[in-house]
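Asker: Below you will find the structure I want to go over with you.
A short reminder: the numbers here are calculations on the coordinates, not readings from a lab. Just so it is clear, the model here is predicted, and its values are computed rather than measured. Note: ideal-geometry Cβ built from the backbone for every residue, glycine included; neighbour counts use all protein chains shown.
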Amino acid sequence: MPRLLPRPVLRMSVLSIASLWITSVFAHDLWISRQSYRNPAGEWCCGAEDCGVVSPNAVKVGKGGYSLRGPVTYGEGVTGNAADGPTRQENLNEIVPYSQTLPSPDGAYWRCKRPDGTPRCFFAPPSGS
């Protein structure tokens, strides 16, 4: 006959499991979504599923904006959390006008995309950093 756990132990076990689940659900939130960033059109920049790190080698500063030609990495490889999906890379070939660029507080280049893959937000390190 299986032995049942005392109520306090059972309650603590359920709370621990719920806490782990809640942590894993919200752990994928990047600073981008926590800080409620929006692009110039007012759209939310979203989070780890939609935002990836652009290789610094893929970014060139041009006259009217940033030229992005090369890899951007999304998912677990960026956040370290499996809840953000598998690590995946896409190659970019686009220009982001300076007027659509937001300052990156962590010093990295970030690109957030819409479900159709078009750019939603772009974060670049401040000049001189």
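Asker: Count the net charge of all other residues whose Cβ sits under 14 Å from the Cβ of residue 114, scoring Lys and Arg as +1 and Asp and Glu as -1.
Answerer: After counting each charged neighbour, the total is -2.
Asker: Rounded to the nearest 20 debye, what is the charge dipole size of segment 31-124 about its Cα centre when +1 sits on each Lys and Arg Cβ and -1 on each Asp and Glu Cβ?
Answerer: 320 debye
Asker: Let me ask something else about it. Give me Rg over Rh for segment 31-124, both radii from the alpha carbons and Rh done the Kirkwood way, two decimal places.
Answerer: Result: Rg/Rh = 0.93.
Asker: Explain nothing, just the number: relative contact order of segment 31-124, from Cα pairs under 8 Å at least 6 residues apart, as a whole percent.
Answerer: 27 percent
Asker: Give me, ordered by chain and number, the residues 5 or more places off residue 65 or on other chains with an amide H under 5 Å from its own placed amide H.
Answerer: 98
Asker: Multiply the residue gap between residue 61 and residue 100 by 0.36 nm, knock off their C-alpha separation, and tell me the result in nm, one decimal place.
Answerer: 12.7 nm
Asker: Have a look at 35, 56, 115 and report the one farthest towards the positive end of the charge dipole of segment 31-124, computed about the Cα centre with Cβ charges (Lys/Arg +1, Asp/Glu -1).
Answerer: Sorting the options by dipole projection puts first 56.
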